[in-house]
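Worksheet: one structure, shown below.
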Amino acid sequence: MSSSMSRIDSILEAKRAELGRLHDELHGEISASAPDPKRLNEIHTRIISVESEIDTFSAAKAEAEAAILAANAEAEIRAAETQTAKAETRTAKAEILIAKAQTRTAEVRAEKAEQDLKRARPVLTLSLAYLGTKTLDDLKSFHAFHELEPKPTGIPTPVTLEADTDEKQLNLAVTVIMESIFAGSPLVFVNSEEYPWLPQEYGLESRFDLKPDGFATHVGMYRQYAPAGGTSICNARESVRVNGITLRFGRPSSLILHDCVALIAEGKRKITTADIGKIVWYAHSMPVQATFRAILFDPNELYLFTVRHREILRIDHASWATLGCMDLLKDSLTLPQYVPPWVALLDAAVKQFGYSVKPGSFLGAGATGRVFRVERPDNGSAVALKVVKKRDAAFLHHECVHLMAAAESPFVVKVVTEATVVRAEDGTVLGSAMAIEPVGQPVRSPLSEAVCERLWLALFDLHQRNICHGDPRIPNIVFNDNQYYWVDFLGSSIKDSSGPGSGKLADVITLSKSILGVIPHAELSCEEEVERLHYQFTEESYKAIARLLFEMLDDT
């Protein structure tokens, strides 16, 4: 079996290397001045074939690993039955269940990967020039292509663009234009021409990410980077002021925040139909639920795309010199109905609470909310601001009540600003927000024995106070200034009976599974021993659980 696994590993390594070479070849062909459609289709057909082979061998590897686990577990069952050891039999059966679950998980992942790849690759089957031409023809036939009519009272473009402007200077000029458009709105424009950030396919290595020239999002939702190569206008800083305009460089802070991108920008010295095809490629690479704009521009003209669910719904075409061009951009990009919902919610919450937010503030996301690092206006200290949409407001208020009820514990984050309804300027309810402190860092694996023990002592402190967390998994504890803090009491039932009641036992089993990496619905092989130690209900018995689990971790 081990020799088979080695062969599968070597085949997978070779196939992944081949896939990388094919994508390099595909990018080269797409970027050519005259792409060969026949060659593009040949390369793409081979890419699909290699990806399918990788999926097949990956699934085979997962099944083989699961088969080894199952075989070992069945051998333990036979030995246990021979020795009539009921506990060992139960352990082995649990391992079989885990092995079967892992096999099914591998199958589901392989199926999902194949489905996602099929959804993600419609753009690559055609040359970009053909795709651009087809998109223009389709929209014109649907009367969804619009030429901007001059507006005598329109705002003039604040920058004069020369026909021979190179792409970098063009991007700089458009950054100035975008800064004037977004002034007073919750959005900022970020130059990203040096930072790949838009994944073109599910599961593809990040080196194949696409590089739009820029994007617009909330200031707290992008991560700053210094431009490479010591660009003179930037002096290698993350952001600079040029003639009163802030130039920002970076990428969205997380894949999760791609639905918070309001605009994707691409600049060219002279727009071609292939460039329009590239915007369609970008659209197919964004989250399927996203609604956003894309702008394609050169020194003379611009195309403004309206995109929803990866489909181009409308294109507006204008010359930079046309009066009304700036009005078109400002109305299309900054009116409240066109601002991404999470952007509007965070901006309104920060203003309503009086906090400030900086680039790189995204801390993470859960089932219902997103969390950002913000600063108090009085002393500049940091707090974590959690925002949820209107439909999930009840969950946040529920969590706030439980956090305040557990405030007596030193191992629970403190509520700074209670869960509050967040409203837009016109009074529309956008969602709710709550601020907590301190701002912590996630707990990283693998855990040391000392960290494992401290987590159990943090849980014991809650239980001593008759407080149940409800979901004490590793992702729901943070570390700050040599202290651990429980967060996200969303599923908690705060007050439990005195002693080691059933709610506390559920906490103990949940944390045990989280530490061992056991899926929530699988059996815990050491459950009887963990239960026994829990019902002793002392600090030492909880430390003993920590030691037991760490020894099991150490053996794997």
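Some points to look at:
- On full extension, the segment bounded by SER4 and LEU457 gains 158.6 nm, given 0.36 nm per residue less the C-alpha separation.
- Burial ranking of peptide ranges 515-523, 129-137 (average Cβ count within 10 Å, highest at the top): 129-137, 515-523
- Residue-by-residue Karplus 3J(HN,Hα) for the range 513-528, coefficients 6.51, -1.76, 1.60, Hz, glycine and proline x: 5, 5, 5, 7, x, 8, 5, x, 8, 7, 6, 9, 4, 9, 4, 4
- In this simple spin-label model, placing a label point 7 Å from the Cα along the Cα-to-Cβ direction at both ASP481 and ALA14 gives a separation of 5.8 nm.
- Close amide H partners of LEU263, meaning residues 5 or more places away or on another chain with modelled amide H under 5 Å apart, are ALA216, ARG293.
- Members of LYS168/LYS278; LYS140/LYS278; LYS134/LYS268; LYS211/LYS330; LYS140/LYS330; LYS278/LYS351 lying beyond 26 Å, as alpha-carbon distances in this model show: LYS278/LYS351
- Across the range 267-426 the C-alpha pair distances fall into 5 Å bins from zero in the proportions 2, 7, 13, 15, 15, 12, 10, 9, 8, 5, 3, 1, 1 percent.
- Whole-Hz Karplus values for the range 171-185 come out as 4, 4, 5, 5, 4, 4, 4, 5, 4, 5, 5, 8, 4, x, 9 Hz, taken residue by residue from phi with 6.51 cos²θ - 1.76 cosθ + 1.60 and θ = phi - 60°; glycine and proline positions read x.
- ³J(HN,Hα), Karplus 6.51/-1.76/1.60, whole Hz, each residue of the range 268-279, x for Gly, Pro: 9, 5, 8, 6, 10, 5, 5, 5, 5, x, 5, 4
Every number here is computed from the coordinates shown, using simple stated rules; none is lab data. As the structure is a computational prediction, the values presented were derived from the model and not from experiment. Glycine also receives a Cβ, built like all others from the backbone with ideal geometry; neighbour counts cover every protein chain displayed.
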